[in-house]
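Only one structure is covered here, and it is reproduced in the block below.
The values are calculated or read from the model by the stated rules, or taken from the named source; none is laboratory data. Not measured: the values here are computed from a predicted model. All Cβ positions, glycine included, derive from the backbone under ideal geometry; neighbour counts span all protein chains shown. Only protein heavy atoms, including side chains, enter the accessible area calculation; ligands, DNA and RNA are left aside. Shrake-Rupley method; radii C 1.70, N 1.55, O 1.52, S 1.80 Å.
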Amino acid sequence: MDAMTDSPTSSAPTDIRGPRLHGVYDALRAAVLSGEIRPGEGISETRVAARYGVSRTPVREAFRRLADEGFLRIVPQVGTFVAPIQLGAVSDSQFIRETLECRTVRLAAERAEAADVASLTRLLDSHRTVMSPDRHSEFFALDEATHAELARIAGRPAVWDLLVAVKAQLDRVRFLSLHSEGWAAKIVGEHQSIVDRVAARDPDGAEEAMRAHLRTVFAAVDEIARTNSHFFET
């Protein structure tokens, strides 16, 4: 099957199927977020249209929308490429996330019932079953579900909805970091620390654990930037 990317920087063609029911936009956005197509890779309008069995019009609209969101870069007369990760956007979304989630986890620690702790524990147990390199998407989804559950317990589910909308560039770094040896185990350990403090009804400890957890992303940025500087743009 033909690849949808045209890139001298890729060692192999990228295969992005994605569920049809979510549409071309959702599938491509997920592929960029997950690093399935990496910064700098070219992506072909014609091949995407052929892959999904659609005309080029919806593909062109998806490209424009993704470009507006900072995921793609359209160069007239040259082509369309996956945009570099914007370090400024990573920093801004990290600031917003830390500000809101540290407050949210305090509320979760104050409000958590036994059933809430049991729900968080089940999520952690599921995390531990998907730590292998071939299950990064599942691991990431469970990571997201854990933070969403903390927001629910806090009585502030809309806070998580807001964060999902503003942290896309940060999520690109988070996905790439999962390729680092031991990173998944580190994340699970940090989640366990947060859950332990929520279970103990320790708002101060929960906030401290959450802040430490969220700041690990900067260690990921430093590591990835050392080996893949072309992934980033200041």
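For the chain, build the charge dipole from Cβ charges (+1 Lys, Arg; -1 Asp, Glu) around the Cα centre, then report which of PRO203, PHE81, THR146 sits farthest towards its positive end.
So the residue furthest toward the plus end is PHE81.
In whole Å and largest first, what semi-axes does the C-alpha gyration tensor of segment 159-234 yield when each eigenvalue is scaled by 5 and square-rooted?
On the way: eigenvalues 134, 48, 19 Å².
Working through the eigenvalues yields semi-axes of 26, 15, 10 Å.
Counting only protein heavy atoms and using a 1.4 Å probe, what share of the accessible area of the chain belongs to carbon plus sulfur, as a whole percent? List each step's numbers first, then the result.
Working: 6060 of 11490 Å².
Here carbon and sulfur together make up 53 percent of the probe-accessible area.
If one computes the Cα centroid of segment 28-87 and of segment 164-229, what distance in Å separates the two points?
28 Å
Report the percentage of all Cα-Cα pairs in segment 88-136 whose separation exceeds 19 Å, rounded to a whole percent. Working shown, then result.
Details: 638 of 1176 pairs.
Of the Cα pairs, 54 percent sit more than 19 Å apart.
Using only protein heavy atoms and a 1.4 Å probe, report how much of MET131 is accessible, in Å² to the nearest 10.
70 Å²
Would you please give the FRET efficiency between SER126 and ASP92, computed as 1/(1 + (r/R0)^6) with r the Cβ-Cβ distance and R0 = 30 Å, to the nearest 0.05? Can you show the working numbers first?
Details: r = 31 Å, r/R0 = 1.03.
Working from the Cβ atoms, E equals 0.45.
Once the piece of chain linking SER55 and GLU223 is laid out straight, how much longer is it, given 0.36 nm per residue of separation minus the C-alpha distance between them? Write out the running numbers ahead of the final one.
Details: separation 168, 0.36 × 168 = 60.48 nm, distance 4.07 nm.
Additional length available on full extension: 56.4 nm.
Calculate the spin-label point distance for VAL164 paired with ALA145, positioning each point 7 Å from the Cα along the beta-carbon direction, and give it in nanometres.
In this crude spin-label approximation the distance works out to 1.4 nm.
Assuming 0.36 nm per residue, please report the length gained on full extension of the stretch ALA114 to ALA212 beyond their Cα-Cα distance. Could you put the intermediate results ahead of the total?
Values: separation 98, 0.36 × 98 = 35.28 nm, distance 2.49 nm.
Length difference between fully extended and current span is 32.8 nm.
Once the Cβ-Cβ distance between ARG64 and LYS186 is put in as r, and R0 is 41 Å, what FRET efficiency do you end up with, to the nearest 0.05? Display every interim value, and only then the final one.
On the way: r = 38 Å, r/R0 = 0.92.
Between ARG64 and LYS186 the formula returns 0.65.
Please compute the Cα-Cα pair-distance distribution of the chain with 5 Å bins starting at 0, giving whole percents from short to long.
Distribution as computed: 1, 6, 13, 17, 17, 15, 12, 9, 5, 3, 1, 0 percent.
With a 1.4 Å probe and all protein chains left in place, how much accessible area per residue does the chain have, in Å²?
Values: 11490 Å² over 234 residues.
Per residue, the chain has 49 Å² of solvent-accessible surface.
Using the Cα centre of the chain as the reference point, and only Cβ charges (+1 on K/R, -1 on D/E), how large is the resulting charge dipole? Debye, rounded to the nearest 20.
Around 500 debye, computed over the chain.
Relative to 2.2 N^0.38 Å, what does the C-alpha radius of gyration of segment 90-224 come to as a ratio? Two decimals please. Please report the intermediate quantities before stating the final value.
Details: Rg = 13.8 Å, N = 135, 2.2 N^0.38 = 14.2 Å.
Scaled against compact globular proteins, the figure is 0.97.
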